[in-house]
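The values are calculated or read from the model by the stated rules, or taken from the named source; none is laboratory data. Predicted model only: the values in this text are computed from it and were never measured. Because the Cβ atoms are built from the backbone with ideal geometry, glycine has one as well, and the counts that use them run over all protein chains shown. Ligands, DNA and RNA are stripped out before the accessible areas are found, and what is left, the full protein with its side chains, is counted by its heavy atoms. Shrake-Rupley method; radii C 1.70, N 1.55, O 1.52, S 1.80 Å.
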Amino acid sequence: MEFKVASKILQANERIALENRRIFSDAGVYVINLMSSPGAGKTSLLETTIAGLKHALKIGVIEGDITGTDDAVRINRLGVPVVQINTGGACHLDANMINEVIPDLPLDELDLLVIENVGNLVCPAEFQVGEDMKVMVLSIAEGHDKPLKYPLMFQESAALIINKIDLSPFLDVDIDKIKKDSLSLNPSIKIFELSCKSGKGVDQWTSWLQTLTS
Amino acid sequence: MHEVSIAESLLKIAVDECKGNGYTKINNVKVCIGYASGVMPEALLFAFDALKSGTIASDATLTIEEVPVAGHCSSCSVDFETYEKFVLCCPQCGSSAYTLHAGRELDIKELEVA
């Protein structure tokens, strides 16, 4: 006996992601899924963004890591609500992990929630968690070959932050190639070049973020 | 990608569908996997075989139909189909003004049950 099913294999994740999205939108919170490889500067970008927007926006953070609370400790120092998820080995966050920690966040008090995904340039791009937008960080020290080697994340992201531009005098990296290849993968991707360390370029990013969340 | 999570998810859907329709055994599961879905068929087969034991799908086979990437270019108006995993530009004219309408599938299509 044969019968047709016609069902999406990842439907369980997508269903929970939609539910999360509804909860966030009912609470009036704009949600960013922040992704990058390990060490590209996601947490530094968060620290810089929070410092720049703290008085304009109420920001909350979910930190995703395989293990440890280092990132949550860093964010907690800035006086914004933060919840740490330890995936215990999983290389990405999924919608259910987010769903479980929603009660731990004061959603009604927030304007912006940033979900910092596990550092990984591949898997996080595959799983919706309930975000309004995916943003990725690429540090120039990773090399200009990354867009064409890891295309999915560049295709899925609404914005690309090219970080650590202060290192450019010391590196043989072609930033124009990063931009050109990212745009060929995703013609609508918005690109910001900045340095969390020197602060250069951060204003353009935070202003843009502010227009999205207002 | 995450062939083990995907195999878990597809086994759960198959088992629920089978039981929900009053059957007790799954003989075959047919899935459609897009070329650009990031899923490796060999890894999915391996994960499916590893996870199926002890379920009503313990003797089931997995049939994978691979779906090519297909799209339309608004610059040169061509409809294209390709077995490239990632499309970087229109294969005909090189423009980036294209949209894809197939190739990211990750769907269960059919169950053979008893």
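Key figures
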| quantity | calculated |
| --- | --- |
| Hits in region B:41-54 (condition: over 18 Å from B:Lys109 (Cα atoms) and either in contact with a strand residue (DSSP E or B) (Cβ under 7 Å, 6 or more places away or on another chain) or surrounded by fewer than 18 Cβ atoms within 10 Å (Cβ to Cβ) (or both)) | B:Glu42, B:Ala43, B:Phe46, B:Asp49, B:Ala50, B:Leu51, B:Ser53, B:Gly54 |
| Residue check, A:Val5 assigned to a strand (DSSP E or B) and within 14 Å of chain B (Cβ to nearest Cβ) | yes |
| Unmet requirement for B:Asp59, which otherwise passes all of (1) open to solvent by less than 70 Å² (accessible area, probe 1.4 Å); (2) at pLDDT 95 or above | (1) |
| Answer residue from region B:71-82, given it is within 13 Å of another protein chain (Cβ to nearest Cβ) and open to solvent by 50 Å² or more (accessible area, probe 1.4 Å) and is nearest to the chain's Cα centre (by Cα) among those | B:Ser74 |
| Qualifying positions in region A:89-111 - within 14 Å of another protein chain (Cβ to nearest Cβ) and not polar (S, T, N, Q) | A:Gly89, A:Ala90, A:Cys91, A:His92, A:Leu93, A:Asp94, A:Ala95, A:Met97 |
| Filter result (free of Cβ contacts under 8 Å to residues at least 24 places away in the same chain and either under 26 Å from B:Glu42 (Cβ atoms) or open to solvent by 40 Å² or more (accessible area, probe 1.4 Å) (or both)) within region B:83-114 | B:Leu88, B:Cys89, B:Pro91, B:Gln92, B:Cys93, B:Gly94, B:Ser96 |
| Unmet requirement for A:Gln11, which otherwise passes all of (1) within 14 Å of another protein chain (Cβ to nearest Cβ); (2) closer than 14 Å to A:Gly119 by Cα; (3) not small (Gly, Ala, Ser) | (2) |
| Only listed residue being within 14 Å of chain B (Cβ to nearest Cβ), touching a strand residue (DSSP E or B) at 6+ places or on another chain (Cβ under 6 Å), open to solvent by less than 50 Å² (accessible area, probe 1.4 Å) and under 27 Å from A:Gly79 (Cα atoms), chosen from A:Val114, A:Val118, A:Val137 | A:Val118 |
| Single match in A:Ala40, A:Ala72, A:Ala56 (criterion: among the aliphatic types (A, V, I, L, M), part of a loop (DSSP other than H, G, I, E, B), under 17 Å from the mean Cα position of the chain (by Cα) and surrounded by 14 or more Cβ atoms within 10 Å (Cβ to Cβ)) | A:Ala40 |
| Scope region B:1-25; condition facing chain A (nearest Cβ under 8 Å), in contact (Cβ under 8 Å) with a residue 60 or more places away in the chain and open to solvent by 60 Å² or more (accessible area, probe 1.4 Å); matching residues | B:Glu17, B:Asn21, B:Tyr23 |
| Members of region A:138-165 found to be farther than 13 Å from A:Ala40 by Cβ and among the basic types (Lys, Arg), listed by number | A:Lys149 |
| Near pairs, Cβ below 6 angstrom, 6+ apart or cross-chain, from region A:84-100 (modelled with pLDDT under 90) to any residue that is not β-branched (Val, Ile, Thr) | A:Cys91/A:Asn120; A:Cys91/A:Cys123 |
| Residue count for region A:5-53, restricted to those that are without any contact (Cβ under 8 Å) to a residue 24 or more places away in the chain and acidic (Asp, Glu) | 1 |
| Residues located in region A:121-133, provided they are of a type in the set (D, E, K, R) and surrounded by fewer than 21 Cβ atoms within 10 Å (Cβ to Cβ) | A:Asp132 |
| In region B:99-110, the residues that are assigned to a strand (DSSP E or B), within 9 Å of chain A (Cβ to nearest Cβ) and out of contact with any helix residue (DSSP H, G or I) (no Cβ under 6 Å at 6 or more places or on another chain) | B:Leu106, B:Asp107, B:Lys109, B:Glu110 |
| Search result, residues across region A:166-189 that are under 20 Å from A:Leu152 (Cα atoms), exposed (fewer than 15 other Cβ atoms within 10 Å of the Cβ) and away from chain B (no Cβ under 14 Å) | A:Asp176 |
| Any hit, region B:26-40, residues being hydrophobic (A, V, I, L, M, F, W, C), open to solvent by 70 Å² or more (accessible area, probe 1.4 Å) and within 13 Å of another protein chain (Cβ to nearest Cβ) | yes |
| Enumeration of residues in region A:83-126 that are more than 27 Å from A:Cys196 (Cα to Cα) and part of a loop (DSSP other than H, G, I, E, B) | A:Gly88, A:Gly89, A:Ala90, A:Asp94, A:Pro106 |
